[in-house]
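Remarks on the structure that follows.
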Amino acid sequence: MPVPVVITAYGDRTFSFITKTPPNTYFLMKAAKVEKGSQTTGKGATVGKVTTSQLREIAAIKMKDMNANDIDGAVRMLAGSARSMGLAVVEG
């Protein structure tokens with residue numbers, strides 16, 4: 001599981017680091033059970049499917065790192081990411 005980290009080094013040889021949640025694409029590929037997204041988005045067939053309930057679960061995990069006001073906004077952002085990866089978003 002890839003975990004992004006922000007490391008800040010200070011002049012007095014101290015440092016701090018902040019761990020973040022894994023990227024959206026990691027969660028989307030795991031939910032759709034695919035190895036990678038589409039090479040040409042919007043031109044070919046979809047490579048997998050994710051449901052809105054899966055998007056809601058991912059949004060709940062990613063909420064602190066996302067730039068969204070509420071869960072519904074985060075779900076819409078994740079749906080756009082899924083579509084750009086070649087995943088179909090279905091109700092469920």
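Of everything in region 1-41, what is among the small types (G, A, S), assigned to a loop (DSSP other than H, G, I, E, B) and free of Cβ contacts under 8 Å to residues at least 12 places away in the same chain? Give them in sequence order.
G11
Quick one: which of G37, G86, G73, G92 is surrounded by 13 or more Cβ atoms within 10 Å (Cβ to Cβ) and at positive phi?
G86
Is there a residue in region 49-59 that is free of Cβ contacts under 8 Å to residues at least 60 places away in the same chain and touching a Ser or Thr at 6+ places or on another chain (Cβ under 8 Å)?
No, there is no match, as no residue in region 49-59 is free of Cβ contacts under 8 Å to residues at least 60 places away in the same chain and touching a Ser or Thr at 6+ places or on another chain (Cβ under 8 Å).
Would you be able to say whether some residue in region 40-59 is in contact with a helix residue (DSSP H, G or I) (Cβ under 9 Å, 6 or more places away or on another chain), exposed (fewer than 13 other Cβ atoms within 10 Å of the Cβ) and at positive phi?
Within region 40-59, one or more residues are in contact with a helix residue (DSSP H, G or I) (Cβ under 9 Å, 6 or more places away or on another chain), exposed (fewer than 13 other Cβ atoms within 10 Å of the Cβ) and at positive phi.
For region 38-63, give me each residue that is out of contact with any strand residue (DSSP E or B) (no Cβ under 7 Å at 6 or more places or on another chain) and modelled with pLDDT under 85.
Passing the criteria: S38, Q39, T40, T41, G42, K43, G44, A45.
Within region 55-75, can you find the residues that are part of a helix (DSSP H, G or I) and charged (D, E, K, R)?
Of everything in region 55-75, those that are part of a helix (DSSP H, G or I) and charged (D, E, K, R) turn out to be R56, E57, K62, K64, D65, D72.
The values are calculated or read from the model by the stated rules, or taken from the named source; none is laboratory data. Computed from a predicted structure; not experimentally measured. Here Cβ is always computed from backbone atoms with ideal geometry, including for glycine, and neighbour counts include all displayed protein chains.
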